[in-house]
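Worksheet for the structure shown next.
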Amino acid sequence: MPSDSANIYVEWEKRAVELDWHGNKIEVRCRLEAKYLYFGTETHVMVNGVPVAQSGGFRFSECAEGTFVDKEGDQHGLALRVNVDILSLRHPCELRIDDFVISQGKLRPRIPILAVVFWLAVAALFSMASIGAMEYLQVYPNIPF
């Protein structure tokens, strides 16, 4: 059950989700990564500025798990489950601490400008290749396949 102190807001500049859980700042960041050719995302979870869990890659379902020590010195288990939605780029997710659901919502990955340039270049190359193939077939229509 969500706690009363779980205030959720999104900072659109960072595309991060931040939560306040019993005085501990939990931050979840998600972004498209170049090492996956901008097909895959990488998700990081930080508690009070300390990295706790990370997941990513070419997956349709991610799970990032870790443990952290809160401000009172107690140790807690953290699990973030993300289902990747390629079409809308809004990934349904669930954050659990000590097996209690703290937050449910949708993560919106940060898309670097380089990803946009990369995919425009790929689209342009495929367009030029298909136009060239059509022109080639018009010049040589009797080529057996």
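Things worth noting here:
- Among Met46, Met134, the order by Cβ neighbours within 10 angstrom, fewest to most, reads Met134, Met46.
- With K and R counted +1 and D and E -1, the other residues having a Cβ less than 12 Å from that of Asn24 yield a net charge of -4.
- Nonlocal amide H pairs with Gly56, under 5 Å, H built at 1.01 Å: Thr43
- Legend: ranking of residues Cys63, Cys93, Cys30 from fewest to most surrounding C-beta atoms inside 10 Å; resulting order Cys63, Cys93, Cys30.
- Nearest-20 debye value, the chain charge dipole, Cβ charges on Lys, Arg, Asp, Glu: 540
- Among Ser55, Ser130, the order by Cβ neighbours within 10 angstrom, fewest to most, reads Ser130, Ser55.
- When the inverse distances between all different Cα atoms of the chain are averaged and flipped, the Kirkwood radius reads 17.5 angstrom.
- Other residues whose C-beta falls under 14 angstrom from the C-beta of Thr67 contribute a net charge of -4, scoring Lys and Arg +1 and Asp and Glu -1.
- Relative contact order (%) - criterion: Cα under 8 Å, at least six apart; region: the chain: 16
- Number of Lys pairs (Cα under 21 Å; 8 or more positions apart or on different chains) in the chain: 5
- With helices as the sole contributors, the chain gives -6500 deg cm²/dmol at 222 nm; each DSSP H run of n ≥ 4 counts as -39500 (n - 2.57), and the sum is divided by every residue.
Throughout, read-outs are computed from the coordinates displayed, never taken from laboratory work. Not measured: the values here are computed from a predicted model. Positions of Cβ are backbone-derived with ideal geometry, glycine not excepted, and every protein chain shown enters the neighbour counts.
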